Amino acid sequence: MTQDDRDPRTGLIHHPYRAPEGFESPVVGVHKGSTVFFPNVAAMRARTWKDKSGYTYGLHGTPTTFTLEERIATLEGGRHTLLVSSGLAAIMLVNLSLLRAGDEVLLPDNVYGPSRDLAVHELAQYGITHRIYDPMGGAGALRAAIGERTRLVWLEAAGSVTLEFPDLRGLVAAARERGVTVALDNTWGAGIAFRPFDLGEGLGVDVSIHALTKYPSGGGDVLMGAVTTVDRALHERIMMTHSRFGLGVGANDAELVLRSLPSLHLRYHAQDASARRIAAWAQQRPEVARVLHPALPGSPGHEHWAAQCSAAAGLLSIAFQPRHDAAAVDRFVDALRLFRIGYSWGGPVSLVVPYPIQAMRAFEAPVAGTLVRLCIGLERTEDLIADLEQALGAL
Ligand SMILES: *Cc1c(COP(=O)(O)O)cnc(C)c1O
């Protein structure tokens, strides 16, 4: 059968056209496929996806997802990256790859909330227990929390909502002394504020997870997570669990993150600068009791941030004077116009969420009452300050 006498239905699928070699453009192609063809059986048996030397099945990687993995590994300062459907799925993957029944995992008190829920409601069902430690207690508190069954310690810097910055080097050293694997939720630092695999003096975390949903996506439109490692054996262990659980991401979502990555540093630093100006402004307001932002002197762990970081994410939290009760704080949030009420961060739109903070902590939170977390977007800083100013009238 020649090309010409083929049925058009077949011709629509088996078409001789191939995009010309030599078509190079700034973007990575969107390569899709569950099925990947092999020219013959010997090639099928010889090919492997495990070292990215070949393509065997869409779930195990495409040129688009392999490229994004390589770029995230570069961003994090690691060697190997695996992609999953969300930041929370990245946390789940690390836990289920590295923990067995009878093991214990340690979580900082200011851990990303759903990570604690995962431990309470899911890990417990597999016979994996968890313990909460005070991240601001430093190496001493972590040493005291590590037990016979501790196999994994999670770090988060800065902490969720309250934005305390821990002594990362001290915490990593304390876990190392006991031979415990260290995993970091690096979403806040985004690979920019500090280098998680190179914290100085040969200290680095073993695993870094990143909610690409936040800064790497940058659009408020993609959910994705990444797990990055340096050690090949550790990577392979997580990679096989990733493969057996059937985790992976779609090419269109990977494309959106690839398209946003070149502007990542510009966006991160712009939102950092804007957030610092807003934090300094808020600190001067009589309605405000405390502003939490690790770059502000007096904010919890500021000295650790200053010693370990070169930048900060565009997040700050505000506690109001006690005379403004919870209902007044809600009125303030409702009165905001540019700041939209919504979860997540790292996108163009500034966001706000009020949190009843003490109910979320085992140890004492740095403030009482309702904490208002602001995520600074890409709007003009003066416009955001004007919005906050008018909303203060609703207190
Ligand atoms: C958002 C976030 C996550 C979870 O990411 P999703 O993609 O929303 O699941 C995990 N850790 C931190 C610190 C986050 O901010």
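Looking only at helices (runs of 4 or more DSSP H) that fall completely inside region 86-187, which ones have 1 or more residues that are closer than 24 Å to Glu364 by Cβ and either among the aliphatic types (A, V, I, L, M) or open to solvent by 40 Å² or more (accessible area, probe 1.4 Å) (or both)?
Those helices (runs of 4 or more DSSP H) span 113-121, 138-145, 168-177.
Table: residues versus (1) at pLDDT 95 or above; (2) of a type in the set (Asp, Glu); (3) within 21 Å of Arg116 (Cβ to Cβ).
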site: Ala319; (1), (2), (3): yes, no, no
site: Leu351; (1), (2), (3): yes, no, no
site: Ile357; (1), (2), (3): no, no, yes
site: Arg361; (1), (2), (3): no, no, yes
site: Cys375; (1), (2), (3): yes, no, yes
site: Glu379; (1), (2), (3): yes, yes, no
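Val222 passes all but one of (1) touching a residue at least 40 places away in the same chain (Cβ under 8 Å); (2) within 22 Å of Leu59 (Cα to Cα); (3) open to solvent by less than 20 Å² (accessible area, probe 1.4 Å); which number fails?
(1)
Using beta carbons and a limit of 6 Å, which pairs, at least six apart or on different chains, have the first residue in region 264-276 and within 10 Å of Ala311 (Cα to Cα) and of a type outside the set (D, E, K, R) and the second one outside any helix (DSSP H, G or I) and open to solvent by 10 Å² or more (accessible area, probe 1.4 Å)?
Tyr268/Ile192
Pairs, please: C-beta under 6 Å, at least 6 apart or cross-chain, first residue farther than 11 Å from Gln390 by Cα and in region 325-337, second among the hydrophobic types (A, V, I, L, M, F, W, C) and open to solvent by 10 Å² or more (accessible area, probe 1.4 Å)?
The qualifying pairs are Ala328/Leu395; Val329/Phe320; Arg331/Ala394.
Small (Gly, Ala, Ser), touching a helix residue (DSSP H, G or I) at 6+ places or on another chain (Cβ under 6 Å) and either open to solvent by less than 60 Å² (accessible area, probe 1.4 Å) or farther than 18 Å from Gly246 by Cβ (or both): does that describe Gly61?
So Gly61 fails the test.
Which residue, of Ala279, Ala270, is under 23 Å from Ile385 (Cα atoms), buried (at least 18 other Cβ atoms within 10 Å of the Cβ) and of a type in the set (A, V, I, L, M)?
Ala279
Say whether the condition of being open to solvent by less than 80 Å² (accessible area, probe 1.4 Å), in a loop (DSSP other than H, G, I, E, B) and closer than 30 Å to Leu264 by Cα is met by at least one residue in region 68-84. Walk me through how you get there before you give the answer.
Here is the first cut: in region 68-84, the residues open to solvent by less than 80 Å² (accessible area, probe 1.4 Å) are 68-69, 72-73, 75-78, 80-84.
Among the residues that remain, those that are also in a loop (DSSP other than H, G, I, E, B) are: 77-78.
Going one step further and asking which of them are closer than 30 Å to Leu264 by Cα, we end up with 77-78.
Yes: one or more hits.
Quick check on my filter: what residues within region 91-146 are within 20 Å of Ile209 (Cα to Cα) and hydroxyl-bearing (Ser, Thr, Tyr)?
Within region 91-146, Ser97, Tyr112, Ser115, Tyr133 qualify.
For Gly342, work out the one condition from (1) among the small types (Gly, Ala, Ser); (2) crowded, with 18+ Cβ neighbours inside 10 Å; (3) within 16 Å of the ligand (Cβ to nearest atom) it doesn't fulfil.
Condition (2) is where Gly342 drops out.
Any residue in region 169-179 that is within 16 Å of the ligand (Cβ to nearest atom) and either touching a residue at least 24 places away in the same chain (Cβ under 8 Å) or of a type outside the set (A, V, I, L, M) (or both)?
Checked against the condition, which is being within 16 Å of the ligand (Cβ to nearest atom) and either touching a residue at least 24 places away in the same chain (Cβ under 8 Å) or of a type outside the set (A, V, I, L, M) (or both), region 169-179 yields no hits at all.
Would you mention how many residues in region 45-66 are in contact (Cβ under 8 Å) with a residue 12 or more places away in the chain, in a loop (DSSP other than H, G, I, E, B) and either farther than 17 Å from Gly29 by Cα or not hydroxyl-bearing (Ser, Thr, Tyr) (or both)? It would help to see each step written out before you state the result.
First, pick out the residues of region 45-66 that are in contact (Cβ under 8 Å) with a residue 12 or more places away in the chain: 49-50, 52, 55-66.
Add one more test, that the residue is in a loop (DSSP other than H, G, I, E, B), and what stays is 49-50, 52, 55-56, 61-62.
Checking the rest, the ones that are also either farther than 17 Å from Gly29 by Cα or not hydroxyl-bearing (Ser, Thr, Tyr) (or both) come to 49-50, 52, 56, 61.
Within region 45-66, residues that are in contact (Cβ under 8 Å) with a residue 12 or more places away in the chain, in a loop (DSSP other than H, G, I, E, B) and either farther than 17 Å from Gly29 by Cα or not hydroxyl-bearing (Ser, Thr, Tyr) (or both) number 5.
Please go through region 353-377 and pick out each residue that is buried (at least 21 other Cβ atoms within 10 Å of the Cβ), of a type in the set (Val, Ile, Thr) and over 16 Å from Val111 (Cβ atoms).
Listed by number, the residues that qualify are Thr370, Val372, Ile376.
The values are calculated or read from the model by the stated rules, or taken from the named source; none is laboratory data. This is a predicted model, so every value here is computed, not measured. A quick note on method: Cβ atoms are made from the backbone with ideal geometry, for glycine too, and the neighbour counts reach across all protein chains shown. Side chains are part of the model used for accessible areas, which takes the heavy atoms of the whole protein and leaves out ligands, DNA and RNA. Shrake-Rupley method; radii C 1.70, N 1.55, O 1.52, S 1.80 Å.
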